[in-house]
Amino acid sequence: MSNSRRMILAHFWLAFAGFGAALLLGAWQMFIRSPLSSWIGDPELYYRSVTAHGTTMAYVLPTLVAMGFGYFVAETALQRPLIGLRWAWLGFALAAVGTVTAVVPIALGRASVLYTFYPPMIGSAFYYIGVVLVVVGSWIWVALMSVNLYSWKRDNPGRPVPFAMFATVAGSYLWGWTAVGAALELLFQIIPVALGWRSTIDAGLARVFFSWTLHAIVYFWLMPTYIAYYTILPRAIGGRLYSDWMGRLAFILFLVVAMPIGAHHLFEDPQVGSGFKFVHSTFTALVSLPTLLTVFTICASVEIAARLRGGKGLLGWLGALPWDNPVMLGTAFSFIMLGFGGAGGLINMSYQLDATVHNTQWITGHFHLIFGGAIVIMYFVIAYDVWPHLTGRALASFGLMRLQLWTWFIGMIVVTFPWHYVGLLGMPRRMAYYDYNDPMLAGQAAPVIMSVIGGAILLVSGALFLIVLARGQRAPRIEPGTYRFSVAAHPPQRLPAALNGFGLWLALMVALTIVNYGFPIVHLMATPGTEVPAVLIGAG
Amino acid sequence: MSRHVDRWVTSSVAITAAIFVAAAIIGFALLPWGQPGHRFTGLWDAICSAAGLVRASPASEPVVQPGYQMTSVVVTPQMLSGASAESIGRGATLALRCTMCHGARGMSLANTPNLAGQDPIAIYKQLADFQTGARKNAIMAPVAVGLSDSDMRDLAAYYAYLPRVAAEASGPAGAPPQIVANGAPVRSVAPCGACHGTLDSKAGAGWLSGQPVVYLRAQLDAFASGARHNDIGEQMRNVARGLTHEEIGVAAEYYAKLQ
C-alpha cells in the first residue's frame, strides 16, 4: 500500500471509529430520556454524553471524511501524486491529537457544555483547544487542496479542472472561511475565560461568531455527499453526468450563499437586529437553489443511465436502474431523506415559522435527518466505493452493504419522524428527562418510544458498516484497476475562467460575509455592558 | 481577462447586489415601517431598530424600578479565588464577632447557617446584600453595615477555609429526593442539587448540606412570598413559588441531614 493510501485510510478509520463510539452514546441518550427508562439520577452524565456525541459526529467524523476523501480526489482526479504528503500526515496528526485532547475532558465531566459551546457556560480549556487543533489540522488540508489545484492548473493551462477536484476545492474553501467564525469565538471569547484570564463573556457576540460557522459547516458536511452524487453515482450505474456546467454552478452557489446566512440560527436572539435576520433569511432561501439544481442534474443523470440500460416510459425507466448496486440504493435513500429534511429546513429558515419549532425536538429531528441521514449515508457509499482502491482488497459483501443501507435509512426515518412530531407538540430539546406522567406530555410517550427503536436500528446498521469495512481489510488482495469518476454527457473542452477557478466567487463570499455580519459584530463589540459572568462547567 | 469573464463578473456581482439590496429594503424599511401600530418616530428610527441598535426607551415610557433594593453584587466564578493566608487570618479575627450565632468555628445549634466550608462567594454576596439592604434581617443588617469590602472578602475566605464538619442534625440522608435530583421539569423547577450541592455547585449558590432545617424552610418560604428578593434573576423566587410545601420540607430535611 502506498504511503498516501495509508494516509487516506487513516483519516477514514479514525472518522469511522469515532462514529461508532458516538453512535453508541446517541442510542443510549435516546433510551435514557425515554419512558422506557427511569429518570437519570445525574443529568450531568447525560450532557457529558451529548457533548461527546455532538463533538465527535459534528467535528471529527465529517472533517476527517472530507479530508480523506479530498486527498483521494486530488490524487485520482488530477492523476498525479499528492503534493505535500508530509503536511497531510501532519494535518491528520493534529486532528487525531485534537480529538483525544477534546474527548478526555468530556469523558472526565469537565466540559459538558454541548458541542455548540453555549457560552456563558465554560468548560475545561483542553476541550476547546482540542477542537481548535482539529480545525487547524483541517486548514492544512484546505491549503493542500489549493496548492494541488494551482500546481495542476499551472501545468495544464487552459484545460478544465476535473469536476471532482473543482467541487472538492470549493468545499475546502467554504470550510476554510466558515471555520473562522468559531475560531474567533474560541480564541478571543471562550478560551481566555476557560484559562481563567477573564471571568465574563459577551455571550451574544460569541453566539454571532458561532452562527458564522454554524450554518455553512452543514454545507461543508454536505460537500462529500454532493461530490459523490455528481462524480460517483453516474459512473457506478453505467451512465453519464447530465451537465458538468450545472454541477460547477451548484458548488459555486454553495460557496457564495452558504456562508452569510447563519443568523437564521439566531432568530430568537435579541442581540441581532430584525433587518439582518431578514437578509440572512433571504440568502438562506437562496441556498436551496444549488440543492434544487443538484436534484435536477442527478435525476437527469440517473435517467440517462436507465435509458442506456433499456428503460422506457415516463417513469418506467426507474425499474431499469441497478437497485442492487449499493451506490444506487444509498443515493436514492439519501435523496428521500434530503427531500424531507430540506422541506423541514425551509420551515426553519422562515423567520416567523421558526418561532414555532425553535428549541424543540423538531430541530433535533431536522439535523439528524439531513446530516445523519442524507449526508452520512453517502459517507457509507463513498467508503464502499473507494475501499477496494485504498486497501487493494475486494469489498464483496454486497448483501451486507444493502442491508446496512436499508437499516440506516429505516432507522433514521423511524428516529426523526417522531422527533419532528413531538417537536410540533412542543417537546423541548436538550433535556435529560421528561415527565411523561404529566397529562400534557403523556401523548408524547409513544412517539418517543418509536424513536428509541429507530435508534436501536441505527446502532445495528452502524455496526454492520464497520463489519463490512473490517472484512474488507482482511479480504483477498485484488487489482482494483484505475479509479474513475463520472464523465459528463458532454465533457467540457474549454471553460470560462469563472467556472474553472475561484477568485470571483471567493471575493463574493467574503464580501457577503462582511455585508451580512460586519455591522452586527462591530456594533456588539462597541456596545458596553454586553458581558455576562461566565458559568463554569468543570473548568474551575 | 477576456470579455467573457467580465460578463461573469458583472452579472454575478450585479445579481448578488440586487438580491442584497432588495432584501435590505424589505427587512430594514418595509417590514418594520409597515407594521400596523408601530411606534417609530420616523423611517430612520425604524431602520436603526432593524439594524439592532441599542435604543433608549421613549421618554413617555418610564422605566419601572422594583419597589425594593436590588442586589448590587455581580457574581463571577473566579471573583474570590486564590485567597491569601493573610486574608484568612484577618477573616478569623473579624469572625470573632460572629461567633455568638454562627459558632466558634462556623458551626452552631442556633438554627443559623453553618458557615464552615461554605462557598466564599455565597458568604460575600449575602454580607454585601445585608449591607445594602437587598436582603433584610434585623440581626445581620447592623452587623454588616460597618464592614468594608475587604472585610467581607476576608470573612468569606476564612469561613471557606474552615473544614466542613458534620452538623449536629446530620445523619444518613439517603438517596436524594426527586426534587433535589431531578427538580420538576414540567413546572420549570430546576433540581436543587444542580446548584446547591449533590450534583453540582454554581458560583454564588450556597452549599446547603448540614444547614438547619428551620433555616432552609424559612428561606424557601421567604423566596416564595417575595419577602426575600436578593436573587437578581429571580431564579430562587421562581423555583420556590413552584414548590409545594411538601417538597420544601423534603428538600430542607434532606440537606439538613446531608454531611
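A few comments on the model shown:
Matching residues to (1) free of Cβ contacts under 8 Å to residues at least 12 places away in the same chain; (2) over 30 Å from A:P160 (Cβ atoms); (3) open to solvent by less than 40 Å² (accessible area, probe 1.4 Å):
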{"site": "A:M401", "(1), (2), (3)": "no, yes, yes"}
{"site": "A:H420", "(1), (2), (3)": "no, yes, yes"}
{"site": "A:G426", "(1), (2), (3)": "no, yes, no"}
{"site": "A:D438", "(1), (2), (3)": "yes, yes, yes"}
{"site": "A:M450", "(1), (2), (3)": "no, yes, no"}
{"site": "A:I457", "(1), (2), (3)": "no, yes, no"}
{"site": "A:L469", "(1), (2), (3)": "no, yes, yes"}
{"site": "A:R477", "(1), (2), (3)": "no, yes, no"}
{"site": "A:F485", "(1), (2), (3)": "no, no, yes"}
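- Residue in segment A:23-34 that is in a helix (DSSP H, G or I) and among the small types (G, A, S) present: yes
- Test: residue in segment B:223-231 that is in a helix (DSSP H, G or I), without any contact (Cβ under 8 Å) to a residue 12 or more places away in the chain and more than 14 Å from chain A (Cβ to nearest Cβ): yes
- Sole exception among (1) on the phi > 0 side of the Ramachandran plot; (2) in contact with an Asp or Glu (Cβ under 8 Å, 6 or more places away or on another chain) for A:L114, by number: (2)
- Residue in segment B:124-140 that is assigned to a loop (DSSP other than H, G, I, E, B) and either among the β-branched types (V, I, T) or within 14 Å of chain A (Cβ to nearest Cβ) (or both) present: yes
- Subset tally (residues that are buried (at least 19 other Cβ atoms within 10 Å of the Cβ) and away from chain B (no Cβ under 12 Å)) for segment A:487-501: 1
- Scanning segment A:518-540 for residues that are assigned to a helix (DSSP H, G or I) and surrounded by fewer than 17 Cβ atoms within 10 Å (Cβ to Cβ) gives A:G518, A:V522, A:M525, A:A526.
- Figure legend. Inter-residue proximity from segment B:170-187: first residues assigned to a loop (DSSP other than H, G, I, E, B), second residues open to solvent by 30 Å² or more (accessible area, probe 1.4 Å) and small (G, A, S), beta-carbon distance below 7 Å, spacing 6+ or different chains. Indicated pairs: B:G183/B:A190.
- In the set (1) within 14 Å of another protein chain (Cβ to nearest Cβ); (2) within 22 Å of the chain's Cα centre (by Cα); (3) aromatic (F, W, Y), the condition left unmet by A:W39 is number (2).
- Checklist (1) aromatic (F, W, Y); (2) under 22 Å from the mean Cα position of the chain (by Cα); (3) open to solvent by less than 20 Å² (accessible area, probe 1.4 Å) applied to A:Y434, failing item: (2)
- Filter pass, A:L205 being buried (at least 22 other Cβ atoms within 10 Å of the Cβ), over 19 Å from the mean Cα position of the chain (by Cα) and either closer than 19 Å to A:T63 by Cα or at pLDDT 95 or above (or both): yes
- Residues of segment A:347-364 satisfying the condition of being more than 19 Å from A:G262 (Cβ to Cβ) and surrounded by fewer than 19 Cβ atoms within 10 Å (Cβ to Cβ): A:T356
- Looking only at residues in segment A:104-126 that are without any contact (Cβ under 8 Å) to a residue 60 or more places away in the chain and within 20 Å of A:P43 (Cβ to Cβ), the one that is least open to solvent (accessible area, probe 1.4 Å) is A:I106.
- Search result, residues across segment A:262-314 that are more than 10 Å from chain B (Cβ to nearest Cβ), open to solvent by 40 Å² or more (accessible area, probe 1.4 Å) and in a loop (DSSP other than H, G, I, E, B): A:E268, A:R309, A:G310, A:K312, A:G313, A:L314
- Among the candidates A:V180, A:V193, residue that is away from chain B (no Cβ under 14 Å), assigned to a helix (DSSP H, G or I) and either open to solvent by 20 Å² or more (accessible area, probe 1.4 Å) or not acidic (D, E) (or both): A:V180
- Just one of (1) at pLDDT below 95; (2) more than 30 Å from A:F209 (Cβ to Cβ); (3) out of contact with any Phe, Trp or Tyr (no Cβ under 6 Å at 6 or more places or on another chain) fails for A:G311. It is (3).
- Hits in segment B:153-169 - residues which are aliphatic (A, V, I, L, M), open to solvent by 30 Å² or more (accessible area, probe 1.4 Å) and outside any helix (DSSP H, G or I): B:V165, B:A166, B:A169
- Whenever a residue of segment B:37-58 is away from chain A (no Cβ under 11 Å), its partners that are open to solvent by less than 60 Å² (accessible area, probe 1.4 Å) and not acidic (D, E), lying with C-beta atoms within less than 6 angstrom and at least six residues away or across chains, give the pairs B:F40/B:A46.
- Among the residues of segment A:224-255, those identified as out of contact with any strand residue (DSSP E or B) (no Cβ under 7 Å at 6 or more places or on another chain), open to solvent by 10 Å² or more (accessible area, probe 1.4 Å) and on the phi < 0 side of the Ramachandran plot are A:R235, A:A236, A:G239, A:Y242, A:W245, A:M246, A:L249, A:L253.
Here's the yes/no breakdown for (1) basic (K, R); (2) touching a Pro at 6+ places or on another chain (Cβ under 9 Å); (3) touching a residue at least 60 places away in the same chain (Cβ under 8 Å); (4) over 21 Å from B:I15 (Cβ atoms):
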{"site": "A:M246", "(1), (2), (3), (4)": "no, no, no, no"}
{"site": "A:I252", "(1), (2), (3), (4)": "no, yes, yes, no"}
{"site": "A:V256", "(1), (2), (3), (4)": "no, no, yes, no"}
{"site": "A:M259", "(1), (2), (3), (4)": "no, no, yes, no"}
{"site": "A:H265", "(1), (2), (3), (4)": "no, no, no, yes"}
{"site": "A:V272", "(1), (2), (3), (4)": "no, yes, yes, yes"}
{"site": "A:F276", "(1), (2), (3), (4)": "no, yes, yes, no"}
{"site": "A:V279", "(1), (2), (3), (4)": "no, yes, yes, no"}
{"site": "A:T284", "(1), (2), (3), (4)": "no, no, yes, no"}
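- Only listed residue being under 30 Å from B:A181 (Cβ atoms) and outside any helix (DSSP H, G or I), chosen from A:S112, A:S49: A:S112
- Unmet requirement for B:S150, which otherwise passes all of (1) open to solvent by 40 Å² or more (accessible area, probe 1.4 Å); (2) farther than 26 Å from A:D435 by Cα; (3) assigned to a loop (DSSP other than H, G, I, E, B); (4) of a type in the set (S, T, N, Q): (3)
- Counting only residues that are under 16 Å from A:M431 (Cβ atoms), in a loop (DSSP other than H, G, I, E, B) and at pLDDT 90 or above, segment B:188-202 holds 3 of them.
- Of all residues in segment A:209-261, those satisfying the criterion of being away from chain B (no Cβ under 14 Å), outside any helix (DSSP H, G or I) and either more than 17 Å from the chain's Cα centre (by Cα) or modelled with pLDDT of 95 or more (or both) are A:I232, A:I237, A:G238, A:G239, A:R240, A:L241, A:Y242, A:S243.
- Helices (runs of 4 or more DSSP H) within segment B:1-119 that include 2 or more residues surrounded by 11 or more Cβ atoms within 10 Å (Cβ to Cβ), touching a Lys or Arg at 6+ places or on another chain (Cβ under 9 Å) and of a type outside the set (K, R): B:43-50, B:85-94
- Scanning segment A:484-517 for residues that are among the small types (G, A, S), more than 15 Å from A:K153 (Cβ to Cβ) and assigned to a helix (DSSP H, G or I) yields A:A507, A:A511.
- In segment B:211-241, the residues that are more than 21 Å from B:C101 (Cβ to Cβ), open to solvent by 20 Å² or more (accessible area, probe 1.4 Å) and touching a helix residue (DSSP H, G or I) at 6+ places or on another chain (Cβ under 7 Å): B:A224, B:G226, B:H229, B:M236, B:R241
The values are calculated or read from the model by the stated rules, or taken from the named source; none is laboratory data. Bear in mind the structure is a predicted one, so any value in this text is a computation, not a measurement. Glycine also receives a Cβ, built like all others from the backbone with ideal geometry; neighbour counts cover every protein chain displayed. Accessible surface is based on the protein model in full, side chains and every heavy atom, while ligands, DNA and RNA are left aside. Shrake-Rupley method; radii C 1.70, N 1.55, O 1.52, S 1.80 Å.
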